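Chemist: One structure follows; several queries about it will come next.
The values are calculated or read from the model by the stated rules, or taken from the named source; none is laboratory data. This is a predicted model, so every value here is computed, not measured. Using ideal geometry, Cβ is built from the backbone for each residue, glycine included, and neighbour counts are taken over all protein chains shown.
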Amino acid sequence: MQIDLTGRTALVTGSTQGIGRAIATALADAGARVAVNGRKPDTVASVVSELQGERAERDLVAAAGDVTDAAGADAVLAATGDIDILVNNLGIFGATPALDITDDEWRRYFDVNVLAAVRLIRATLPGMKERRWGRVLNIASDSAVVIPAEMIHYGMSKTALLAVSRGFAKDAAGTGVTVNSVLAGPTHTGGVEDFVYELVDRSLPWDEAQREFMKLHRPQSLLQRLIEPEEIANMVAYLSSPLASATTGAAVRVDGGYIDSIVP
């Protein structure tokens, strides 16, 4: 199979690092024009330069702006132009005891992890439907299904994202536009390294800390290791392509077997 996204424009939110950067790279390598997004213009410009330095033929656009804010989202959309592939990757996470999560934190997690995605879908889906082709992908998490006791607010927001994906898929029914969510499992990123060390002994070397984290906090993982960002990106590239034309309204798993169910 060959994934060819030539002629398509993609926006990947939160794509200056981690999973988002890997997704932006994979889509660009498949031929898409990709808008790299982050809040800081200097950081976005630097990442665009780095990625083009690796492969000069990558077609990348700097689209700096805070998509959790309406004005910021408008600036990002203006920099990107018509969007064929929207990847809502931006998200926040962190461990907080259940009874210590404040009202403000509940709202913040919903605003960043759910409402920002909804705002961009509202802005881009009409154009996709009019052009009779498009892809919307919301990066969810195994935590949407297996709610972690140490971050219920995060799990709640990702569960909501599954509902958002299913609902907008129904809105796009029969138009050639697909809307899906990706259930990403525990993934190796800089942010996750910090999170791991919140839960295990900080004096442990990384390889040992990772094993301890998986054993104590994610024992049901069949992969028995953290997933690499590129492994998530491979699934996103496929779902973004014409090859996935019959997959919509789905929660597709890239979880290393973490979710203990046959069907999500």
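Chemist: Among (1) under 18 Å from the mean Cα position of the chain (by Cα); (2) buried (at least 21 other Cβ atoms within 10 Å of the Cβ), which single condition is residue 128 missing?
Modeler: Single failed check for residue 128: (1).
Chemist: Condition first: touching a strand residue (DSSP E or B) at 6+ places or on another chain (Cβ under 8 Å) and of a type in the set (D, E, K, R). Now tell me which residues in the range 105-131 satisfy that.
Modeler: Within the range 105-131, just 129 meets the criteria.
Chemist: Given the conditions (1) within 30 Å of residue 2 (Cβ to Cβ); (2) in contact (Cβ under 8 Å) with a residue 24 or more places away in the chain, which single one is not true for residue 192?
Modeler: (1)
Chemist: If residue 189 satisfies all but one of (1) crowded, with 21+ Cβ neighbours inside 10 Å; (2) hydroxyl-bearing (Ser, Thr, Tyr); (3) within 21 Å of residue 16 (Cα to Cα); (4) out of contact with any strand residue (DSSP E or B) (no Cβ under 8 Å at 6 or more places or on another chain), what's the number of the condition it fails?
Modeler: Here residue 189 meets the rest and fails (1).
Chemist: From (1) without any contact (Cβ under 8 Å) to a residue 24 or more places away in the chain; (2) outside any loop (DSSP other than H, G, I, E, B), pick out the condition that doesn't hold for residue 158.
Modeler: (1)
Chemist: Right, next: Kindly state which helices (runs of 4 or more DSSP H) lie completely within the range 1-110 and contain at least 1 residues that are in contact (Cβ under 8 Å) with a residue 60 or more places away in the chain and either among the basic types (Lys, Arg) or closer than 21 Å to residue 231 by Cα (or both).
Modeler: Of the helices (runs of 4 or more DSSP H) lying wholly inside the range 1-110, those with at least 1 residues that are in contact (Cβ under 8 Å) with a residue 60 or more places away in the chain and either among the basic types (Lys, Arg) or closer than 21 Å to residue 231 by Cα (or both) span 18-29.
Chemist: Further question: Right, residue 150: in a helix (DSSP H, G or I), surrounded by fewer than 18 Cβ atoms within 10 Å (Cβ to Cβ) and modelled with pLDDT under 95 or not?
Modeler: For residue 150, the condition - in a helix (DSSP H, G or I), surrounded by fewer than 18 Cβ atoms within 10 Å (Cβ to Cβ) and modelled with pLDDT under 95 - is not met.
Chemist: How about the range 55-112: which of its residues are farther than 17 Å from residue 16 by Cβ and of a type in the set (Lys, Arg)?
Modeler: Result: 55, 107, 108.
Chemist: Moving on to the next point. When you look at residue 177, is it at pLDDT 95 or above and surrounded by fewer than 21 Cβ atoms within 10 Å (Cβ to Cβ), yes or no?
Modeler: Taking the combined requirement at face value, the residue does not satisfy it.
Chemist: When the residues of the range 195-238 are filtered to those that are in a helix (DSSP H, G or I) and in contact with a His (Cβ under 9 Å, 6 or more places away or on another chain), which remaining residue is surrounded by the fewest Cβ atoms within 10 Å (Cβ to Cβ)?
Modeler: Among those that are in a helix (DSSP H, G or I) and in contact with a His (Cβ under 9 Å, 6 or more places away or on another chain), it is 199.
Chemist: When only residues in the range 3-17 that are farther than 20 Å from residue 244 by Cα and in contact with a helix residue (DSSP H, G or I) (Cβ under 6 Å, 6 or more places away or on another chain) count, which is surrounded by the most Cβ atoms within 10 Å (Cβ to Cβ)?
Modeler: So the residue we want is 15.
Chemist: State yes or no: is residue 263 surrounded by fewer than 21 Cβ atoms within 10 Å (Cβ to Cβ), in a loop (DSSP other than H, G, I, E, B), out of contact with any Asp or Glu (no Cβ under 7 Å at 6 or more places or on another chain) and at pLDDT below 95?
Modeler: For residue 263, the condition - surrounded by fewer than 21 Cβ atoms within 10 Å (Cβ to Cβ), in a loop (DSSP other than H, G, I, E, B), out of contact with any Asp or Glu (no Cβ under 7 Å at 6 or more places or on another chain) and at pLDDT below 95 - is met.
Chemist: Which residue, of 165, 181, is part of a strand (DSSP E or B) and in the same structural domain as residue 134 (by TED's automatic domain parsing)?
Modeler: Result: 181 is the single residue among 165, 181 that is part of a strand (DSSP E or B) and in the same structural domain as residue 134 (by TED's automatic domain parsing).
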